[in-house]
Amino acid sequence: AGERVDPLAEPVLIEGPQLPRPMLLYRPPQPIGGDGVRAFTWQNRTHIIHHAEGPERIAPEWWHRPAAPARDYWRVEDTNGGRFWLFQTRPADKPGPWFLHGVFP
């Protein structure tokens with residue numbers, strides 16, 4: 001059994017080396033169905049999450065785009081071995097929708 005994604009968990013504060021990033025990024029990020037916690041649907045296929053690492057909060061510098069919400073990123077692996085970089089926007093009052101931002105090789 002892998003770790004479950006907890007969308008309410010405290011974000012990881014990164015100091016020093018950056019965490020792994022996917023080789024393939026989608027611009028714009030792709031909206032996904034599902035809760036992003038146990039499973040998500042992308043390109044008409046359901047992915048059951050087996051393992052997750054995160055959240056890692058990434059936010060724009062306040063002086064560049066103060067109105068932009070922070071994003072909580074998760075590195076997830078599905079039961080077929082696919083590895084994805086998912087995020088959920090974090091406005092001040094409630095979590096936003098889930099997106100797929102990248103795919104790891």
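The values are calculated or read from the model by the stated rules, or taken from the named source; none is laboratory data. This one's a predicted model, so the numbers in the text were calculated from it and none came from an experiment. Note: ideal-geometry Cβ built from the backbone for every residue, glycine included; neighbour counts use all protein chains shown. Accessible surface is based on the protein model in full, side chains and every heavy atom, while ligands, DNA and RNA are left aside. Shrake-Rupley method; radii C 1.70, N 1.55, O 1.52, S 1.80 Å.
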Segment 20-34 residues that are of a type in the set (A, V, I, L, M), paired with ones that are open to solvent by 80 Å² or more (accessible area, probe 1.4 Å) (beta carbon under 8 Å, 6 or more apart):
M23/P105; L24/P105
Within segment 17-36, can you find the residues that are open to solvent by less than 60 Å² (accessible area, probe 1.4 Å), outside any strand (DSSP E or B) and at pLDDT below 95?
L19, P22, D35, G36
Taking segment 45-82 and keeping only residues that are charged (D, E, K, R) and either open to solvent by less than 40 Å² (accessible area, probe 1.4 Å) or in contact with a His (Cβ under 9 Å, 6 or more places away or on another chain) (or both), one is left with E56, R71, D72, R75, E77, D78
